[in-house]
Amino acid sequence: MNYENPHQLELAIIGQVLNDSAALQIPEIRALKPEHLRHHSGVWSAILDIAAAGGDPSLTALASHVGRVGWPTYIGVADLPSLTAYSAPLRELPAAAQVILGAYRRDRAMHAGGDLQRSLADPEADHLAAITGAQASLTELIGLAPRDSTRSIADNVGPALERLLNPRAYRGVTTGIPGWDSVLGGWKPGTLNILAARPSMGKSLLMGQLAQAAAQGDAKGPARALMFTLEDSPETLQMRVLCRMAGVAIDHDREPTREEAQRLRNKEEAFERFRPYWLVDEEHTLDGIISACWRQHAIAPLGLVLIDQLSHISADAPRTRADNRNQVYGYIAKTLKREVAKRLGVPVILASQLSRDVVRRADNRPDLTDLRDSGELEQDADTVTFIHRPEYYDKNDSPGTAELLVRKNRNGATKDVTVWASMRKFKFWQDAL
C-alpha cells in the first residue's frame, strides 16, 4: 500500500470496509469523518449513514445513495465496483487512517495560517479576531492528533492496589480445572496464552474443553468463546462434547450400548445453552481470523478466543520473515496479541506443536526450547502450558493421568498441575474417578 498517495489510501479503506464491515470496528477507522477524506468524502458519508442505520455497507447499499446531495457526481452506479479496486489488510488500516488524518491536519493548518497571514497584512482587518480564529482552528486540530499515551506512574494507583488486595475478584475466564485456575488465575484479558504438546497428546481435545468451560461459566457467569477449529471439523468437536457431557467412552469398532445411546441423546438438548456463548469458525488466514474476532466482538463482547492451531494459520508475513518459519510464527503470534488480545481486551489461547526433541529426552518432559519452529512464541506469550501424558510414551507409565506443565506465567508462579485424562472420554479433570 502506497502511504504517500492519500487518494489510494482512501480507496483502500473504503474497499476494505465494503468487503468486510468489521473494519468499521477499528477505532482509527471509526474516528474518520467525511471531511477528513479529501477525495471521497461523499462516499464515506454514505457508508457511515448506512452503518448508523444498522445496515451492512456494500456496493448494493451504496447504489441507493448515488445522486443524493453530497454524492460525487463523477461516480455513477456503473462506477461503484471501482471503489473496491483497492483494499488493505485489516492490520494496516489504523496506520492508513492516521496518514489520512495527518494530511487533513496539515491542509487545515496551512489554510488557517494563510488566512491569518492575509488578515495581518490588511491594516483594516480585526487582527485580534483573526488570531483568535486561527487559534481555535489549530486547537481543534490538536484534538485530532494521535493520542498521547504518556502518563505518570503515580496516576490512578487504586485499581492496581485493589487487584493485589483482592485477587479472587479479578480472576479471568475459568479453565474448568481448579488447579490450573489456581496457578494462572484464569485466562486474563489482553493476554496471549500458548498451549503446546506433541501430536495426539490431547491438545485439540483440551482446547475444545476450555471453550466448553468458558461457555458453561463459573460463579462469574459464562464467557462468550470463539474457537477457530483449524485442526478438527465442527462435527468432531460436537461429538467430543456429547461424549464428555454424557460420560461415554468411544471405541470406533463398537456401537454404544442402549444405555450409552440414551445418555448421548439426552445431552443433545444441552447444546442449546451453548448457542449464545460458544462460536466456531474454520477460517484459516490471519487476516480472516482477526476480522472474525472484530466482527463477533462488535455483535457481543467476546470473553475468550481459541485457535487450534498455529501451524495451520496462513499469513502474508513481511518479506524479511516469509522464508523463516520461526519468524512467520512469531509474526502471527505478535499480530494476534496486538490486534485481538490487546485491541479487544480478550484472552487468546493459541495451540502449538512441540518439536521432536522432547521425544529424544530421557524423561520426555517438555521445556520452552521445545516450542516447534517458534522460539519467538516464548517472548510474546504471557503464559505457556505443556500437556504431558507419560502413557503417551509408555502405556504402563501412570496410565490415565496427565500433567499440565505451566512453564511461563508472566504474572505468577510456574507449577505442574496433575490431572486425570481419558482420550476415549475426551476429558481432562481433577475430581475423583
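At a glance:
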| quantity | calculated |
| --- | --- |
| Identity of the residue in the range 162-179, within 27 Å of the chain's Cα centre (by Cα) and part of a loop (DSSP other than H, G, I, E, B), that ends up farthest from residue 213 (Cα to Cα) | 171 |
| Candidate set: the range 168-202, residues that are over 22 Å from residue 420 (Cβ atoms) and among the basic types (Lys, Arg); chosen: the one surrounded by the fewest Cβ atoms within 10 Å (Cβ to Cβ) | 168 |
| Residue check for residue 353: crowded, with 16+ Cβ neighbours inside 10 Å, in contact (Cβ under 8 Å) with a residue 40 or more places away in the chain, outside any helix (DSSP H, G or I) and assigned by TED's automatic domain parsing to the domain that holds residue 315 | yes |
| Of the criteria (1) surrounded by fewer than 16 Cβ atoms within 10 Å (Cβ to Cβ); (2) farther than 18 Å from residue 40 by Cβ; (3) within 35 Å of the chain's Cα centre (by Cα), which one residue 89 fails | (1) |
| Residue in the range 203-222 that is surrounded by the fewest Cβ atoms within 10 Å (Cβ to Cβ), counting only those that are among the hydrophobic types (A, V, I, L, M, F, W, C) and under 17 Å from residue 275 (Cβ atoms) | 213 |
| Complete set of residues in the range 62-85 that are free of Cβ contacts under 8 Å to residues at least 12 places away in the same chain and under 36 Å from the mean Cα position of the chain (by Cα) | 64, 79, 82 |
| Condition broken by residue 159, with the remaining ones in (1) part of a helix (DSSP H, G or I); (2) within 23 Å of the chain's Cα centre (by Cα); (3) of a type outside the set (D, E, K, R) satisfied | (2) |
| Pairs, first hydroxyl-bearing (Ser, Thr, Tyr) in the range 217-230, second part of a loop (DSSP other than H, G, I, E, B), C-beta under 8 Å, six or more apart | 229/282 |
| Subset of the range 57-80 [under 24 Å from residue 292 (Cα atoms) and exposed (fewer than 12 other Cβ atoms within 10 Å of the Cβ)] | 60 |
| Number of positions in the range 284-304 that are polar (S, T, N, Q) and assigned to a helix (DSSP H, G or I) | 2 |
| Inter-residue pairs, beta-carbon under 7 Å, first in a loop (DSSP other than H, G, I, E, B) and in the range 386-410, second of a type in the set (Phe, Trp, Tyr), 6+ apart | 400/420 |
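Table: residues versus (1) modelled with pLDDT of 95 or more; (2) surrounded by 21 or more Cβ atoms within 10 Å (Cβ to Cβ); (3) among the basic types (Lys, Arg).
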position	(1), (2), (3)
360	no, no, yes
372	no, no, yes
376	no, no, no
386	yes, yes, no
405	yes, no, no
416	yes, no, no
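The values are calculated or read from the model by the stated rules, or taken from the named source; none is laboratory data. Since the model is a prediction, treat every value here as computed from it, not as a measurement. Note that each Cβ is placed from the backbone with ideal geometry, even for glycine, and that neighbours are counted across all protein chains shown.
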